[in-house]
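The values are calculated or read from the model by the stated rules, or taken from the named source; none is laboratory data. Since we're looking at a predicted model, the values are computed, not measured. We place every Cβ from the backbone using ideal geometry, glycine too, and count neighbours over all the protein chains shown. For the accessible areas, the whole protein counts, side chains as well, though only heavy atoms, and no ligand, DNA or RNA atoms are used. Shrake-Rupley method; radii C 1.70, N 1.55, O 1.52, S 1.80 Å.
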Amino acid sequence: MLSAHFGAEGFLLLALILLLLIQLAFTTGLARALAQLPTLPQFPNGFSGESTLHATVVIPAFNEQENIERCVRSALQAFCEASVTGSVVVVDDRSTDSTPEILARLALEFPRHLKILKSEDPPDAMAFHGKNRACWSARNLLEGTHVLFLDADVRLGKTALPDALRYAESEKVDLLSLAPALAFGCLAEWIVQPIMMMFMGALFRATEVNDPTSSHAFAAGPFLLFRREFYESLGGHTAVAHEIVEDVAFARLVKEKGGRLRLLSGAHVASLRMYSSLSALWEGWTKNIYIGLERSPVRAAAAIVVLALLFVMPFAAFLGTLGFVWSASGTEASPDVSHLGLAMASVLLIFVARGFVWWKLRVPFGLVWATPVGAILVMMLVVDSAWRVTTQRGWTWKGRSLSSPQRRTANQNVRE
């Protein structure tokens, strides 16, 4: 397959071979990482002679009128089982939409298992970022052996909480995090989210996360199930009050304190719709992507180069080679068709990579042809996130500034 020609054609051949090798290494690494991600086992009959499982589900909610009812109803399903008792606590973090009205109606419908409260003003010596304040506000309502912090955009299957509790009990896990399946709606999600999931799937290796001897730590924030006693020994959400990416901060803290951390796929029992529009997606990822890169300009630059090599160059090489073959067809300059085969193989490996994230994380398979557009948008997100986090200008989540910890007083008229 190697060409004996030199010059531009020889350079093209070497470049295509190198690109294919890079793509092959990434796809292989992604496949290995996802294959090593355990799946939450199912316990159809529970444990023989098991005691009643008792947990508190805490859902922080700020302007979640589109999500909150379905999330709450899905969480309440768990308490229909005789083996599971507890309650769902929704903390309204001063919503300005119809979230409070929806919650009031649900509270009347489920008076036994549903509790609603407003987020509190922390003492002057404390300050919180993001949803940490709302989670902290539920501290006095935590009951049972475990506490689950659940994002409002998550939908739980009926067995999600019982199976997670049984697994945590059987494996003596202090923090269990589940990666839910992703649901897409808007075009921005279809072209950006798969890139993010492939990138994160290769980066956060479950074998190292789940290895107590490794310092590698990661947790999926939408579903964090703590053993309550251990959670309180950490100091609760006070311990991560200043963190924007509080899930990873908790994961690191658990390992530092000698706790047992587990990351599993929960795609078969839970789903997540992260963003409903391009603007929401942009605000959400610029909030934390640079923090995930450890606020390092070098890491950010490397991420951009890797994104270009993995998701833009294969399509560019295929289209460029195809155009070259077409224009030079029948002439002495006609290139070897092996060039086109190499370029096509690089593109096909992207389809294979998408197949792996569909298999393990249930990331919808579609619009693969838009992969280079999604990668370019992610590169722009990295740059914008670096600027916002560094300058702390326009660094927001749902309109709330993240540039300084949130402090509120009881008599302050809050409208965020």
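Here are some notes:
- Length added when fully stretched, Ala345-Asp384, from 0.36 nm per residue minus Cα-Cα: 10.8 nm
- Computing FRET efficiency as 1/(1 + (r/R0)^6) for Ala15 and Lys158, where r is the C-beta to C-beta distance and R0 is 51 Å, gives about 0.45.
- Extension gain for Gln36 to Gln392 (0.36 nm times residue separation, less C-alpha to C-alpha distance): 124.4 nm.
- Amide H within-cut-off set for Ser265, under 5 Å, with H built and near neighbours excluded: Thr39, Leu40, Ala179
- Pairs of lysines in the chain (C-alpha under 21 Å apart; 8 or more residues apart or interchain): 10
- Debye, to nearest 20: dipole size of the chain, +1 on Lys, Arg Cβ, -1 on Asp, Glu Cβ: 420 debye
- Whole-angstrom Cα spans of region 170-310 along principal axes, big to small: 42, 35, 28
- Taking each residue as 0.36 nm, the span from Ser276 to Asn140 lengthens on full extension beyond its C-alpha to C-alpha distance by 45.7 nm.
- A simple rule links phi to the HN-Hα coupling: the Karplus curve 6.51 cos²θ - 1.76 cosθ + 1.60 with θ = phi - 60°, which for region 58-73 gives 10, 10, x, 9, 10, 6, 10, 4, 7, 10, 4, 5, 5, 5, 4, 4 Hz, with x for Gly and Pro.
- The simple Förster model, with R0 at 22 Å and r as the Cβ-Cβ distance, assigns Ala127 and Met200 a FRET efficiency of 0.15.
- Averaged over its residues, the chain has an accessible area of 45 Å² per residue, based on protein heavy atoms and a 1.4 Å probe.
- A simple count of charges around Ser385, restricted to other residues whose Cβ falls under 11 Å of its Cβ and scoring Lys, Arg +1 and Asp, Glu -1, yields +1.
- Modelled this way, with points 7 Å down the Cα-to-C-beta line, the labels at Glu229 and Thr207 are 3.3 nm from one another.
- The residue among Thr145, Ala164, Phe110 whose Cα reaches farthest toward the positive pole of the charge dipole of region 100-170, with charges on the beta-carbon of Lys, Arg, Asp and Glu, is Phe110.
- Residue order for Phe11, Phe199, Phe128 - accessible surface, 1.4 angstrom probe, largest first: Phe11, Phe199, Phe128
- Three-way shape label, region 147-232, alpha-carbon gyration tensor, a/c 1.5: oblate
- Note that region 265-280 has calculated 3J(HN,Hα) couplings of 7, x, 4, 8, 10, 8, 9, 9, 10, 6, 9, 10, 7, 4, 5, 5 Hz, one per residue in order, obtained from phi through the Karplus relation 6.51 cos²θ - 1.76 cosθ + 1.60 (θ = phi - 60°); glycine and proline are x.
- Residues listed by number, region 175-218, amide nitrogen under 20 Å from Trp369 label point at 7 Å toward C-beta: 185-195
- Estimated purely from DSSP H runs of n ≥ 4, each contributing -39500 (n - 2.57), the mean residue ellipticity at 222 nm for the chain is -15000 deg cm²/dmol once divided by its residues.
- Shape class for region 61-116, computed from the alpha carbon gyration tensor (a ≥ b ≥ c): prolate, with a/c not under 1.5 and a/b above b/c.
- Phi to ³J(HN,Hα) by Karplus 6.51 cos²θ - 1.76 cosθ + 1.60 over region 375-384, Hz, x for Gly, Pro: 5, 5, 5, 5, 4, 5, 4, 4, 5, 5
- Contact order normalised by residue count of the chain, Cα under 8 Å, 6+ apart, percent: 22 percent
- Built amide H within the under 5 Å cut-off of Leu114, gap 5+: Val88
- Among beta bridges that DSSP assigns inside region 130-274, antiparallel share in %, nearest 5: 60 percent
- When Lys118, Lys287 are compared by accessible surface with a 1.4 Å probe, the order from highest to lowest is Lys118, Lys287.
- Distance (nanometres) between label positions extended 7 Å along Cα→Cβ at Thr52 and Thr28: 5.5 nm
- The separation of region 268-321 from region 146-210, counted between C-alpha centres, amounts to 19 Å.
- Long-range HN-HN contacts of Ser95 with modeled amide H, under 5 Å: Asn63
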